[in-house]
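Take a look at the structure below.
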Amino acid sequence: MTDAAISERKETGESGPREDFLVLDSVSQHFDLGTGFFGRGSRGVIKAVDNVSLSIRQGEILGLVGESGCGKTTLSRTIMQIIRPTSGRIFLEGKELSSLSDREVRHERINFQMIFQDPYASLNPRMTVFDALAEAIRTRHPGVRGTALRERVVELLRLVGLSPAQMKKYPHEFSGGQRQRVAIARALAPEPKLIIADEPVSALDVSIQSQILNLLKKLRRDMGLTMIFISHDLSVVRYIADRIAVMYLGRIVELGDAETVVDDPLHIYTRALMSAIPQPDPRIERSRKRVILKGDPPSPLNPPTGCSFWPRSPIPHDERMKVVEPELVEFHPGHFAHDCPFCLQRAA
């Protein structure tokens with residue numbers, strides 16, 4: 001959602017979005033490190049997520065891409081209300097989540113679930129698959145018992161490609177891919193409206209990655225799920241996502257349809273992420289131009305002023321763009337990017 005659309009909703013007095021399923025309105029997540037020794041001055045503030053505005057339509061998959069430490073996971077936990085936003089508002093189907101009490105959030109959380117990177121760490125090793133799924137099912141249907149509960153567990157296992165005979169097994173008895181399928185089944189058990197998948201395939205073998213990606217696409221198609229898929233790998237996100245949001249240092253620097261962002265990226269950071277993907281054809285690999293960034297990502301404790309990308313850009317920025325913060329602008333229908341003229345130049 002553009003800033004203009006958000007402003008329009010504020011002016012008309014609407015309490016939430018009408019056509020958008022999930023809306024983030026200027027969401028920031030800052031962590032105050034407190035004071036130093038003996039109370040001598042502030043130790044600073046980490047700007048993990050900084051003024052993010054976007055919307056997700058019902059039934060779509062939004063890919064969230066960026067380097068490690070760019071704020072992807074923090075943003076997902078903020079959407080889940082695991083940590084409350086420092087500022088800004090979050091709407092789910094018109095309901096403002098950021099204004100709910102802790103008790104109301106716990107009740108609302110059955111509508112959004114997470115799939116984590118490490119399925120072994122996210123599953124209780126002392127619970128069988130049946131117990132784990134039954135516990136999740138009862139969060140929405142506390143009265144279900146006996147045969148009805150068992151039938152629902154069987155249905156979930158078949159939905160993710162596992163055998164009902166495996167319901168009495170423990171997590172350590174499964175392979176990595178099978179554990180991730182169990183984690184997906186558990187996320188589906190409360191019948192959520194939104195699923196956030198945080199690097200769900202990065203810990204798996206390449207052959208297993210494709211199986212899990214195909215499973216997620218099938219579930220979205222069959223169940224009409226809305227999903228945020230987080231990854232640092234643009235090639236993976238391109239395969240599964242309808243739209244891609246590229247995140248750098250806590251901000252969205254490019255947003256658009258997956259094919260458009262990958263095939264014709266506007267921001268130099270997106271082009272750098274694309275050029276880091278290895279090509280299987282050695283001739284193409286040798287002939288293509290690489291976008292080489294300078295140094296490491298700046299610390300969110302002390303981010304650069306102005307365009308946050310200028311310290312790493314291969315294209316020098318003038319002094320103005322080291323002071324003026326660029327805005328997310330729609331350059332083509334549905335294709336947004338930070339309006340820094342130097343970041344939008346083609347790499348030499």
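The values are calculated or read from the model by the stated rules, or taken from the named source; none is laboratory data. Just so we're clear, the structure is a prediction, and the values are computed from it rather than from any experiment. Heads up, the Cβs are rebuilt from the backbone with ideal geometry, glycines too, and the neighbour counts pull from every protein chain shown.
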(message) Given the criterion surrounded by fewer than 22 Cβ atoms within 10 Å (Cβ to Cβ), free of Cβ contacts under 8 Å to residues at least 24 places away in the same chain and either in a helix (DSSP H, G or I) or not aromatic (Phe, Trp, Tyr) (or both), identify the matching residue among ARG271, ARG221, ARG238.
(response) ARG221
(message) So if I check each of SER98, SER68, which one is at pLDDT below 90, under 18 Å from VAL253 (Cα atoms) and among the small types (Gly, Ala, Ser)?
(response) SER68
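Within segment 64-96, track down each residue that is farther than 29 Å from HIS107 by Cβ and of a type outside the set (A, V, I, L, M).
GLY66, GLU67, SER68, GLY69, CYS70
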(request) Tell me, yes or no, whether segment 242-250 has at least one residue that is in contact with a strand residue (DSSP E or B) (Cβ under 7 Å, 6 or more places away or on another chain), buried (at least 22 other Cβ atoms within 10 Å of the Cβ), modelled with pLDDT under 95 and not basic (Lys, Arg). (result) yes
(message) Show me the helices (runs of 4 or more DSSP H) found entirely inside segment 98-213 where at least 1 residues are among the small types (Gly, Ala, Ser) and surrounded by fewer than 19 Cβ atoms within 10 Å (Cβ to Cβ).
(response) 119-122, 146-159, 176-188
(request) For THR260, work out the one condition from (1) farther than 19 Å from GLU199 by Cβ; (2) touching a helix residue (DSSP H, G or I) at 6+ places or on another chain (Cβ under 8 Å); (3) in a helix (DSSP H, G or I); (4) touching a residue at least 24 places away in the same chain (Cβ under 8 Å) it doesn't fulfil. (result) (2)
(request) Specify which of the listed residues (ILE212, ILE196) is touching a Leu at 6+ places or on another chain (Cβ under 8 Å), of a type in the set (A, V, I, L, M, F, W, C) and within 30 Å of ARG271 (Cβ to Cβ). (result) ILE212
